[in-house]
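Contents: one structure, followed by commentary.
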Amino acid sequence: MSTTRTSDHRGAPGTTFAALGAIIKKNALEYIRYPANAFFGLIVPLIWFLPMYLLIVSFAPGGESQGLESWVGTSNFFSYLPIGLVVGGIISTIFWNLGFALKRLMDIGMLETIWSCPVPRMTYIIGESLFSVLRQVVEIGIVIVAFRYVYGFTLPLSILSTLRYLVPFVLLMYGFGIGFASLVLLVKDANTMVDTSSFLIQGITGTQNPPQVFPRFLVAIALAIPITHFIDLLRVETLGIEPLISPTIELSVFLSSSVLFPVLGVLCFRAVERRSRRRGDLHIH
Amino acid sequence: MSRAHSAERAHPITAWLRSVWAVTWRDVRTTTRYKSWFIASLIWPIIYPFSLVFVGRGLAGPSGEGLGRFAELAQTSDYQSFIILGSLAWMFVNINLWMGGLSLMTDRTRGTFDTHWTMPVSKLSLVVGATFASLILNFVPMVISIAFYAAIGWLQVSGSPIDIAIAILLVIPFLLGFLLCFSAFTVRFREAGMLVQVMRTVFAILCGLQFPLAVLPPGLQSIGRAIPLTHFIDVVRSVVIQGASVRDHSSSIGYVAVSGLIMIVVGVLAFELVRASVRRTGLVTGY
């Protein structure tokens with residue numbers, strides 16, 4: 001009886017928000033409990049970036065690069081790079097927190113318990129990543145300021161005019177991430193998958209360099225990924241660089257993907273979840 | 001029973017080598033049991049240098065117009081080969097830190113540390129065996145990666161493969177000694193994951209693995225020059241890119257070899273001291 005009543009409430013907006021709130025609170029408590037991790041979360045990006053910074057200044061002291069100017073029409077690498085780094089940070093967060101959240105639950109033996117909770121799985125998956133995305137937004141803000149003073153990188157103020165793309169981008173990334181989480185349920189070995197996929201996507205979409213430098217086959221792959229168009233749009237509107245393709249087409253691809261990807265991601269996840277329930281292999285690593 | 005008797009009768013060195021081999025073989029088997037290892041170990045040495053090469057290409061420009069300062073600092077305009085070799089060296093050190101240096105930590109996590117630590121074999125063999133396994137497992141992907149980059153024309157291998165092999169063999173004692181020191185640290189202080197992160201970044205910066213060392217301030221360059229890994233990567237780059245011979249770098253080669261032997265002695269001493277210390281203080285069990 002109580003089960004029926006509970007399942008009647010599944011997916012109701014009140015229940016969904018209560019569940020999301022509970023998951024965010026749980027993750028926030030975990031975060032606060034390990035202050036050293038929070039501290040290193042801010043310090044590690046600065047330290048890890050140092051070899052890359054030294055490589056950059058070995059080509060372009062002060063961030064002024066004639067090479068970059070030939071590729072895209074601006075010589076200011078210290079403004080060009082932070083845009084890609086911010087997007088790269090979000091890509092990495094979504095991959096690790098949507099994909100790896102399920103694996104972490106598998107490892108600590110909680111996946112089956114949570115799966116049998118009267119909460120829609122999709123709500124749980126989204127809730128698991130919400131706190132991380134909020135945390136990442138704050139951390140990115142702090143890291144951008146730190147990069148400004150430590151490395152001299154400046155994110156142009158005109159980036160604020162592109163904030164209107166934030167919601168479609170988050171939708172796009174969530175669609176991407178949810179589809180990816182379903183792959184983790186299938187393959188089980190999330191670590192290699194998340195690490196490799198996140199690195200490849202960040203590389204191919206040109207978060208650290210102009211996609212124009214890629215060989216032609218890689219440019220074709222990059223153009224097939226909507227994130228590439230999003231990053232290029234940000235750079236075109238912020239720095240006035242030469243676009244990869246027409247900005248109108250880039251915007252159309254980006255916006256239509258932000259509608260299509262969440263739908264495909266959810267459909268993919270539901271199909272894989274149904275398969276897992278039918279085969280009973282949720283608990284198998 | 002008869003095997004136990006033969007172990008008792010074996011010469012100490014034979015018994016030690018046997019335990020090293022047992023650990024090496026165990027680690028090779030447990031690692032290669034997972035398909036994802038094959039994927040990761042073959043894909044990463046290929047995709048990791050890509051990202052840095054493309055950053056270099058973005059800065060160098062389509063016709064090398066942004067290459068002047070790099071060429072001056074690195075003494076070569078072949079930035080692709082320079083970055084690929086440095087990135088692969090960094091990856092090799094990094095993987096060995098995780099697999100060899102943290103092998104005892106991995107044992108703790110799996111709950112097998114106490115069992116292994118109380119076995120009637122040299123504790124040193126646990127780390128040496130894990131390091132050999134790591135070297136064996138990661139050497140082949142590095143060779144495949146070099147062959148891949150040479151095949152697509154991004155890496156110009158001008159030197160002799162024998163000279164390259166000599167340089168690699170000579171740096172192994174240093175790596176082994178360093179990993180013994182590192183393992184001693186993990187046994188004593190238990191949590192070393194963050195130390196791996198720090199060490200790999202320190203090596204990347206002070207040894208000039210991914211950029212020319214000359215870009216650092218003179219003080220840091222001097223510190224970097226004291227690390228054998230810096231000499232190793234200089235020799236490898238010179239042999240691969242400029243076609244030099246290891247004999248052209250006799251002082252660097254001598255420094256790498258001698259410091260490697262010293263590092264092994266220091267590593268063994270540090271490890272044995274820590275082993276005695278954790279036994280005395282009862283720190284073997286628990287995290």
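Quick rundown of the values:
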| read-out | value |
| --- | --- |
| Unmet criterion (only one of (1) within 13 Å of chain A (Cβ to nearest Cβ); (2) closer than 30 Å to residue B:128 by Cβ; (3) not β-branched (Val, Ile, Thr)) for residue B:104 | (1) |
| Hey, residue B:84 surrounded by fewer than 23 Cβ atoms within 10 Å (Cβ to Cβ) and within 20 Å of residue B:171 (Cα to Cα) or not | no |
| Residues being open to solvent by 70 Å² or more (accessible area, probe 1.4 Å), charged (D, E, K, R) and either more than 18 Å from residue A:20 (Cα to Cα) or in contact with a His (Cβ under 6 Å, 6 or more places away or on another chain) (or both) - total across the stretch A:127-162 | 1 |
| Test for residue B:266: is it over 23 Å from residue B:87 (Cβ atoms) and among the β-branched types (Val, Ile, Thr) | yes |
| Verdict on residue A:71 being among the hydrophobic types (A, V, I, L, M, F, W, C) and touching a Pro at 6+ places or on another chain (Cβ under 7 Å) | yes |
| Out of A:233, A:218, A:260, sole residue that is open to solvent by 30 Å² or more (accessible area, probe 1.4 Å) and either touching a helix residue (DSSP H, G or I) at 6+ places or on another chain (Cβ under 9 Å) or under 30 Å from residue B:154 (Cα atoms) (or both) | A:260 |
| Lone qualifier among B:18, B:3 - being open to solvent by 40 Å² or more (accessible area, probe 1.4 Å), more than 12 Å from chain A (Cβ to nearest Cβ), in a helix (DSSP H, G or I) and at pLDDT 85 or above | B:18 |
| Some residue of the stretch B:63-74 being closer than 24 Å to residue A:80 by Cα, more than 7 Å from every other protein chain (Cβ to nearest Cβ) and assigned to a helix (DSSP H, G or I) | yes |
| Close pairs (8 angstrom Cβ cut-off, 6 or more residues apart or separate chains): in contact (Cβ under 8 Å) with a residue 24 or more places away in the chain and closer than 20 Å to residue A:280 by Cβ in the stretch A:99-125, open to solvent by less than 30 Å² (accessible area, probe 1.4 Å) and in a loop (DSSP other than H, G, I, E, B) anywhere | A:103/A:188; A:106/A:188; A:111/A:282; A:112/A:282; A:115/A:282 |
| Set A:206, A:265: member being outside any helix (DSSP H, G or I) and open to solvent by less than 60 Å² (accessible area, probe 1.4 Å) | A:206 |
| Boolean, residue B:102 is open to solvent by less than 10 Å² (accessible area, probe 1.4 Å), within 17 Å of residue B:200 (Cα to Cα) and either modelled with pLDDT under 85 or polar (S, T, N, Q) (or both) | no |
| Criterion: open to solvent by less than 30 Å² (accessible area, probe 1.4 Å), in contact (Cβ under 8 Å) with a residue 24 or more places away in the chain and more than 7 Å from chain B (Cβ to nearest Cβ) - qualifying residue of A:73, A:63 | A:63 |
| Qualifying residue in the stretch A:1-24 (condition: buried (at least 19 other Cβ atoms within 10 Å of the Cβ), modelled with pLDDT under 90 and away from chain B (no Cβ under 14 Å)) | yes |
| The stretch B:189-219 - residue that is within 18 Å of residue A:61 (Cα to Cα) and either more than 12 Å from chain A (Cβ to nearest Cβ) or assigned to a helix (DSSP H, G or I) (or both) and, of those, most open to solvent (accessible area, probe 1.4 Å) | B:218 |
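The values are calculated or read from the model by the stated rules, or taken from the named source; none is laboratory data. Given the structure is predicted, the values throughout are model-derived calculations rather than measurements. Positions of Cβ are backbone-derived with ideal geometry, glycine not excepted, and every protein chain shown enters the neighbour counts. Only protein heavy atoms, including side chains, enter the accessible area calculation; ligands, DNA and RNA are left aside. Shrake-Rupley method; radii C 1.70, N 1.55, O 1.52, S 1.80 Å.
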